[in-house]
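The values are calculated or read from the model by the stated rules, or taken from the named source; none is laboratory data. Here the structure is a predicted model, which is why all the values come from computation and not from measurement. Note that we place each Cβ from the backbone using ideal geometry, even for glycine, and neighbour counts take in every protein chain shown. To get the accessible areas, we keep the full protein, side chains included, count just its heavy atoms, and leave off ligands, DNA and RNA. Shrake-Rupley method; radii C 1.70, N 1.55, O 1.52, S 1.80 Å.
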Amino acid sequence: MNSRRSWLIPTGLIALTNIPSLGGAARLSDLAANGAVTADNARFHAMPLPVVLHIVAALIYCFAGAFQFAPRFRRRHPRWHRASGWVLVPAGLMVAVSGVWMTLTYAFPPPDGLAVKIERLIVGPAMFAAIILAIVAVRGRNIAAHRAWMIRAYALAQGAGTQALTQLPWILLVGPTGTVSRAVLMGAAWLINVLVAEWIIRRHPMGSGSPRTRRPVPAGARRVMTGVR
């Protein structure tokens, strides 16, 4: 893979992250400026901590995580790859925890219904579990499993960007989403991301993950929580 092609995936991921990041930045700006309270943002002004943590953690996780998909960059900067894990892992866990926190405490306005709430309560714990399994795998020197679980966690975190893409055609062609259509389109976005993640994992395997095929890890790196490999 040449240098230009190796940056196609991370560039696409950064572009995908830019979509929800604009809304997130606007939300943070509104809260920082103590903007006007409306029916759409009253819940955030009443309890800003979970949404602020979610936005900041998601921006860090999605932007920095995109560089883990650049093979040449990882090979040329192995120390950055390992050190970034100390940022990516806490940020990813915070994305998952704050997402569940908001789902359980905020009264989301229509068209978010029970189905969307259930989807969020599935995705948040699934992402949290994937990151924990990735940590366990790297501590056990199972790099293939570590890579696979981190890719899955990142795919779930990128749901907001893909949801904008799945909902935009509907809004342009049909109109505002309803309770059912929103649940279907949001769920479809997470499903697309998971399927793409599994395709990447299987297309570029790193061994079966059995003890005989595990790649050795330097002793100094065994205690390091790393990002996607």
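Give the shape of the range 98-175 as rounded, prolate or oblate, defined through the alpha-carbon gyration tensor: a ≥ b ≥ c are the square roots of its eigenvalues, a/c under 1.5 means rounded, and otherwise the shape is prolate if a/b is larger than b/c and oblate if not. Provide the component values of the computation, followed by the final result.
On the way: a/c = 4.36, a/b = 1.83, b/c = 2.38.
In terms of gyration-tensor shape, oblate.
Report ³J(HN,Hα) in whole Hz for each residue of the range 151-161, in order, from the Karplus equation J = 6.51 cos²θ - 1.76 cosθ + 1.60 where θ = phi - 60°; Gly and Pro get x.
With coefficients 6.51, -1.76 and 1.60, one gets 5, 4, 4, 5, 4, 5, 5, 7, x, 4, x Hz.
I'd like the carbon and sulfur percentage of the solvent accessible area for the chain, probe radius 1.4 Å, heavy atoms only, ligands and nucleic acids excluded.
Details: 8320 of 12280 Å².
Carbon plus sulfur share of accessible area: 68 percent.
Once you have the Cα-Cα distance between Leu31 and Ser181, take 0.36 nm times their residue separation minus that, and quote the gain in nm to one decimal. Write down the numbers at each step before the final one.
Numbers: separation 150, 0.36 × 150 = 54.00 nm, distance 2.97 nm.
Separation in residues times 0.36 nm, less the Cα-Cα distance, equals 51.0 nm.
Counting Lys and Arg as +1 and Asp and Glu as -1, what is the net charge of the other residues whose Cβ lies under 13 Å from the Cβ of Arg27?
-1
Tell me, what is the FRET efficiency for Leu8 and Leu104 to the nearest 0.05, using R0 = 41 angstrom and their Cβ-Cβ distance as r? List each step's numbers first, then the result.
Numbers: r = 38 Å, r/R0 = 0.93.
Computed FRET efficiency for Leu8 and Leu104 comes out at 0.60.
Can you tell me which of 13-20, 102-109 comes out highest on packing, and rank the rest after it, using the mean Cβ neighbours within 10 Å?
My ranking of the peptides, most packed first, is 13-20, 102-109.
With an 8 Å Cα cut-off and a minimum separation of 6 or more residues, compute the relative contact order for the range 56-187 in percent.
On the way: 115 pairs, mean separation 33.5, N = 132.
Once normalised by length, the contact order is 25 percent.
Work out the FRET efficiency for Thr38 and Leu168 from their Cβ-Cβ distance, taking R0 = 25 Å, and round it to the nearest 0.05.
On the way: r = 23 Å, r/R0 = 0.92.
Result of the calculation: an efficiency of 0.60.
With each pseudo-label sitting 7 Å past Cα toward Cβ, what's the Ala46-Val196 distance in nm, one decimal?
Spacing of the two 7 Å Cα→Cβ label points: 3.5 nm.
Highest first, please rank the peptides 74-86, 179-191 by the mean number of other Cβ atoms sitting within 10 Å of their residues.
Values: 74-86: 15.6, 179-191: 17.7.
The peptides rank, most packed first, as 179-191, 74-86.
Pop out the ³J(HN,Hα) list for the range 72-81 in order, Karplus 6.51 cos²θ - 1.76 cosθ + 1.60 with θ = phi - 60°, rounded to Hz; leave Gly and Pro as x.
My calculation for the range 72-81 gives 5, 4, 5, 5, 7, 10, x, 5, 5, 4 Hz in order.
What are the ³J(HN,Hα) values, in whole Hz, obtained from phi via the Karplus relation 6.51 cos²θ - 1.76 cosθ + 1.60 with θ = phi - 60°, for each residue of the range 103-119 in sequence order, with x given for Gly and Pro?
4, 7, 10, 7, 8, 5, x, x, x, 5, x, 4, 4, 5, 4, 5, 4
Once every DSSP H run of n ≥ 4 in the chain is given -39500 (n - 2.57) and the sum is divided by its residues, what mean residue ellipticity at 222 nm do you get, rounded to the nearest 500 deg cm²/dmol? Intermediate results must be reported in sequence, preceding the final value.
Working: 10 runs with 167 residues, N = 229.
Computed ellipticity for the chain at 222 nm equals -24500 deg cm²/dmol.
What accessible area per residue comes out for the chain, rounded to a whole number of Å², with a 1.4 Å probe? Please report the intermediate quantities before stating the final value.
Values: 12280 Å² over 229 residues.
About 54 Å² of surface per residue is accessible.
What residues have an amide H closer than 5 Å to that of Tyr106, excluding those fewer than 5 places away on the same chain, when H is modeled at 1.01 Å from N in the peptide plane?
none
Where does each of 148-156, 25-33 land if you order them by average Cβ count within 10 Å, highest first? Mind dumping the intermediate values first?
Working: 148-156: 24.9, 25-33: 13.3.
Highest-to-lowest ranking by the protection proxy: 148-156, 25-33.
Give, as a single signed number, the net charge of other residues whose beta carbon lies under 14 Å from the beta carbon of Leu195, with Lys and Arg counted +1 and Asp and Glu -1.
+2
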